[in-house]
2 protein chains.
Amino acid sequence: MASLDYIRLDHGSGGKLSYRLIKDLFLPHFANEPLKKLDDSAVLSLSHKKVAFTTDSYVVDPLFFPGGDIGKLAVCGTVNDIAMSGAVPVYISAGFIIEEGFPIYELERIIISMEKSAAEAVVDIVTGDTKVVPKGKADKLFINTAGIGIILDNVDISSANAQIGDTVILSGYIGDHGIAVMSKREGLSYKTEIVSDVAPLHAIIEGLMQSGIEIHSLRDPTRGGLASSLNEIAAKSNVGIMIEEEKIPVRKEVTSVCDLLGFDPLYVANEGKFIAVLPACHAPEALEIIKTHEYGKNAEIIGEVTEEHKKKVILNTEIGGKRIIDMLTGEQLPRIC
Amino acid sequence: MASLDYIRLDHGSGGKLSYRLIKDLFLPHFANEPLKKLDDSAVLSLSHKKVAFTTDSYVVDPLFFPGGDIGKLAVCGTVNDIAMSGAVPVYISAGFIIEEGFPIYELERIIISMEKSAAEAVVDIVTGDTKVVPKGKADKLFINTAGIGIILDNVDISSANAQIGDTVILSGYIGDHGIAVMSKREGLSYKTEIVSDVAPLHAIIEGLMQSGIEIHSLRDPTRGGLASSLNEIAAKSNVGIMIEEEKIPVRKEVTSVCDLLGFDPLYVANEGKFIAVLPACHAPEALEIIKTHEYGKNAEIIGEVTEEHKKKVILNTEIGGKRIIDMLTGEQLPRIC
């Protein structure tokens, strides 16, 4: 396929050009036996009958940003949602909605990025779909991924399982993704480039599971940021969560941009971070395991689950005050994923 | 939630308004235990370890058309793709990409339609996602569904499995869906309204499987129509397919519109039809079973699989000629699904 071509309506027709797009562009990069059959569904074998199933659509603008692109985001986002159920991600689907006139070389870059992320996350992209809409009816490209993961025996992880006395661990710096995407979109530049943290977290979670550490809740603080995810855990588990401001890792550059533009890093999206809630006695060992991984090396214990302040998140500020941290209201940074 | 409201960017923020949209609109209609937990993934139990997994995005314009809407289409389309692997559909995901300003009462109509279709198809919508893009960045609403079905033992159905001597059955009238959507979009009106055939086909397929009839290939001729689906089977199975024009059910009204506008019903999309390829000795019994179902009552044996004309589809015309029927080239009817 000539790389100077552009996507035409025919590419979504279900006819010859659709077939060529699949054969020439998708199949070489997403090579695996179930996909190659190009049947209406992929036929798959699972090693366990208990599975995690999730979906997300990606509408990020711009499509390419420091540290990643919509393809990497689409694979990692779904891999991470599966991992947050304590499951091992195995299969991914990919649905593309493409605006007529989109350059095929950009689509190929994105597909190659998905291929790489899938390889890193050890998942196969086994089924897919391509739709093309006329120029002006979508903004360049949207991707939906759904994913299946297998859940090992005796795993029961949920936002509703946090227990009073549990420790809250955060796997690293917050706010990098949201600020990286927003800065690229708005054409802002800083001395130090802020790079998205988008990354697959399955390996860290598998490491924790294999160690036998009991985990109650896992959550990746994407849209809505750390504050919204902690609020969900507090509300669903009917507990309070107390966190220490000084323990929350935020890069200096992210703090500066947030100060300048009036954002709060607690509400800015992350795409390669997670919160783990687990028994205090396991916390030191869990932290050690998380820190051995590249994507967890800046992890910190940031707080604890309390009986007081049920369904609320309380921040102990660096200057010694207390502040209730609510869920995000309004939308400060649209289209960051 | 007031039904006069409109979707705002905040509805996709991952914060408070997102949460309210899910609690007030999605949960009441898609009520099931895995979804209610609102975790990053739905945790599911499967009765078998061999599964079918599929995805499709829906960008149909207009969203509402005679016989259905984008919601019904999104559920039935994925249910049917699963059924075409000889699998029993069980779980569906739903990803919504909504344009800012979309009326919530229309979204609710669509959600209710999905609820009804899911009930008819006996599937649960267990996980989902909502993204909102600024006005002008998408055309009203796009929906992605992915689905999981369980595959019973000893089932091996694929477009690559057609055998020489097999019979080809078509489950009813072709072209209804494409012409219904196009007519609504273009504001055409006829004496008799043409209604989309969108419907779930799982029950007919389950009926065939339970009867013990051997089935080699199943395919639902959606985009690209009957001609493209038959070509895919011929190419992948390395066989010829010979069909009889006089046996192919086409409504008079659809033929008239196609004649008028220069379309060929063989290439027009269907959303409630399937092609079954199976041993000739089983064909009469299979046809009888299909005809007992509402969505299969107009089924016909339309042709056979031949050794000659490998990878080609040959039409024996009503006037006694032969014509090679190729895959769809170009795009005659965009955005019909």
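The values are calculated or read from the model by the stated rules, or taken from the named source; none is laboratory data. Remember, predicted model here, so these are calculated numbers, not experimental data. Ideal geometry is used to build each Cβ from the backbone, glycine not excepted, and the neighbour counts take in all protein chains shown. Side chains are part of the model used for accessible areas, which takes the heavy atoms of the whole protein and leaves out ligands, DNA and RNA. Shrake-Rupley method; radii C 1.70, N 1.55, O 1.52, S 1.80 Å.
List of remarks:
- Those strands (runs of 3 or more DSSP E) lying entirely in segment B:257-337 with at least 3 residues at pLDDT 95 or above and exposed (fewer than 14 other Cβ atoms within 10 Å of the Cβ): B:322-324
- Within segment B:302-337, restricting attention to residues that are under 16 Å from residue B:223 (Cα atoms) and among the polar types (S, T, N, Q), the residue that is nearest to the other protein chains (Cβ to nearest Cβ) is B:329.
- Residue check for residue B:171: of a type outside the set (D, E, K, R), within 14 Å of chain A (Cβ to nearest Cβ) and either in contact with a Lys or Arg (Cβ under 8 Å, 6 or more places away or on another chain) or surrounded by 24 or more Cβ atoms within 10 Å (Cβ to Cβ) (or both): no
- Checking every residue in segment B:268-276 against the condition of being within 27 Å of residue B:82 (Cα to Cα) and among the basic types (Lys, Arg) gives at least one match.
- When residue A:54 is tested against (1) assigned to a strand (DSSP E or B); (2) closer than 26 Å to residue B:228 by Cα, only condition (2) is not met.
- Taking the listed residues B:50, B:16, B:23, B:37, the one that is among the basic types (Lys, Arg), open to solvent by 10 Å² or more (accessible area, probe 1.4 Å), in contact with a strand residue (DSSP E or B) (Cβ under 9 Å, 6 or more places away or on another chain) and free of Cβ contacts under 8 Å to residues at least 40 places away in the same chain is B:37, with no other qualifying.
- Against the list (1) touching a Pro at 6+ places or on another chain (Cβ under 8 Å); (2) under 30 Å from residue B:91 (Cα atoms), the condition residue A:173 fails is (2).
- Every residue from segment A:122-141 that is crowded, with 24+ Cβ neighbours inside 10 Å and farther than 20 Å from residue A:39 by Cβ: A:132, A:138
- Residue check, residue A:196 outside the structural domain of residue A:63 (by TED's automatic domain parsing), within 22 Å of residue B:95 (Cα to Cα) and either in contact with a helix residue (DSSP H, G or I) (Cβ under 7 Å, 6 or more places away or on another chain) or open to solvent by less than 10 Å² (accessible area, probe 1.4 Å) (or both): no
- Residue within segment A:143-157 that is free of Cβ contacts under 8 Å to residues at least 60 places away in the same chain, more than 30 Å from residue A:303 (Cβ to Cβ), facing chain B (nearest Cβ under 9 Å) and surrounded by 22 or more Cβ atoms within 10 Å (Cβ to Cβ) present: no
- Meets criteria (facing another protein chain (nearest Cβ under 8 Å) and part of a helix (DSSP H, G or I)) for residue B:10: yes
- Selection of segment B:98-116 for residues being outside any loop (DSSP other than H, G, I, E, B) and either free of Cβ contacts under 8 Å to residues at least 24 places away in the same chain or open to solvent by 10 Å² or more (accessible area, probe 1.4 Å) (or both) yields B:99, B:103, B:105, B:106, B:108, B:109, B:112, B:113, B:115, B:116.
- Segment A:233-253 - residue that is crowded, with 23+ Cβ neighbours inside 10 Å and of a type outside the set (Val, Ile, Thr) and, of those, nearest to residue B:16 (Cα to Cα): A:234
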